[in-house]
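The values are calculated or read from the model by the stated rules, or taken from the named source; none is laboratory data. Quantities reported herein were computed from a predicted structural model and do not represent experimental measurements. For neighbour counting, all protein chains shown are included, and Cβ atoms are generated from backbone atoms with ideal geometry for every residue, glycine included. All accessible areas refer to the heavy atoms of the entire protein, side chains included, with ligands and DNA or RNA removed. Shrake-Rupley method; radii C 1.70, N 1.55, O 1.52, S 1.80 Å.
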Amino acid sequence: VVLGVPKCGPGDVDRWLAELRNLGVSAFFPIHKFDNAFGGTKMDSDATGLLVNAGNFMQTGTFWNVQSCTGPEHDNTQPSVPLAGNVNQFLARLVGPLIGGASLPLYAPGPHCNIRRLTAMGNYLINAMIDQGFLLEIDHMD
């Protein structure tokens, strides 16, 4: 996914699954560390979260889309507005000029959720994996 637009379709998924099966792969993470065409990732916290969020931006053109949430489904809390000055200076040095005039993230106080959920493409992949007997590694999905 670049700037929210998937760069693959169902035919790509079918080809990739066949290739993985031929290589002897029987399980994998559809979503891991960065948001992708299949859905939103479970976010890391603290310094690791800052670095992975910067990597997410460099790979996809967007930072994690975070909102405050409560309940058992909440994710790792991201730095909020009071920490934003130093965090944004760090991220600006790390990622350089932002694509399309994007701004660095300023998150409200947590707990947080990555609001990007399983996409239609992710739903297709999950169902294809089940149909073909793959094991689903889902612990990195938000």
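Do we have residue 61 as closer than 17 Å to residue 6 by Cβ and either of a type in the set (Ser, Thr, Tyr) or more than 10 Å from the chain's Cα centre (by Cα) (or both) here?
Details: closer than 17 Å to residue 6 by Cβ: yes; either of a type in the set (Ser, Thr, Tyr) or more than 10 Å from the chain's Cα centre (by Cα) (or both): yes.
So residue 61 fits the description; yes.
Any idea how many residues of the stretch 59-83 are surrounded by fewer than 16 Cβ atoms within 10 Å (Cβ to Cβ) and either at pLDDT 85 or above or small (Gly, Ala, Ser) (or both)? Summing the residues that are surrounded by fewer than 16 Cβ atoms within 10 Å (Cβ to Cβ) and either at pLDDT 85 or above or small (Gly, Ala, Ser) (or both) in the stretch 59-83 gives 4. Checked against (1) at pLDDT below 90; (2) touching a His at 6+ places or on another chain (Cβ under 6 Å); (3) within 27 Å of residue 13 (Cα to Cα), residue 53 passes all but a single condition, namely (2).
Listed here are the residues, each with its yes/no results for (1) among the hydrophobic types (A, V, I, L, M, F, W, C); (2) surrounded by fewer than 13 Cβ atoms within 10 Å (Cβ to Cβ); (3) modelled with pLDDT under 90; (4) over 20 Å from the mean Cα position of the chain (by Cα).
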position	(1), (2), (3), (4)
6	no, no, yes, no
17	yes, no, no, yes
28	yes, no, no, no
43	yes, no, yes, no
49	no, no, yes, no
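Mind counting the residues in the stretch 84-134 that are part of a helix (DSSP H, G or I), open to solvent by 40 Å² or more (accessible area, probe 1.4 Å), of a type outside the set (S, T, N, Q) and at pLDDT 80 or above? Residues flagged as part of a helix (DSSP H, G or I), open to solvent by 40 Å² or more (accessible area, probe 1.4 Å), of a type outside the set (S, T, N, Q) and at pLDDT 80 or above within the stretch 84-134 amount to 4. Name every residue in the stretch 48-79 that is of a type in the set (D, E, K, R) and assigned to a strand (DSSP E or B), in order of residue number. Result: 75, single match.
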